[in-house]
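> Below are the structure tokens for one structure; questions will follow.
Since every read-out is calculated from the coordinates, none of them should be taken as a lab result. Bear in mind that the values here come from a model prediction, so they are computed numbers and not experimental data. When we count neighbours, we look across all protein chains shown, and the Cβ atoms used for this are built from the backbone with ideal geometry, even at glycine.
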Amino acid sequence: VHKIYASDPRFRIILMAKNVGKRKAQIAAIRSSSGDLVLNVDSDTILAVDVVTKLVSKMQDPDVGAAMGQLVASNRNQTW
């Protein structure tokens with residue numbers, strides 16, 4: 001992944017010195033972000049085509065501090 005996206009200016013690769021776990025890695029990524037909004041998804045998340053537009057629209061309201069979509073488990077019968 002690093003080799004593929006390292007030269008793409010839309011991406012910033014953050015290499016941690018050691019495995020610190022998902023939560024701490026996400027915190028490091030958010031702290032180093034430079035955009036107005038951060039969208040956090042997992043590697044197996046499939047987004048609806050309009051979800052980013054809808055979330056950004058909600059975040060335009062200055063009284064809104066966070067927004068999230070509705071989770072629909074598509075693999076409910078395939079997990080433990």
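> Do we have residue 28 as of a type in the set (A, V, I, L, M, F, W, C), surrounded by 10 or more Cβ atoms within 10 Å (Cβ to Cβ) and in contact with a Leu (Cβ under 7 Å, 6 or more places away or on another chain) here?
Here the answer is no, as residue 28 does not meet what is asked.
> Mind checking which pairs have a first residue in segment 52-80 that is surrounded by fewer than 10 Cβ atoms within 10 Å (Cβ to Cβ) and a second that is among the aromatic types (Phe, Trp, Tyr), Cβ under 9 Å, 6 or more apart or different chains?
Once the first residue is surrounded by fewer than 10 Cβ atoms within 10 Å (Cβ to Cβ) and sits in segment 52-80, no partner that is among the aromatic types (Phe, Trp, Tyr) comes close enough.
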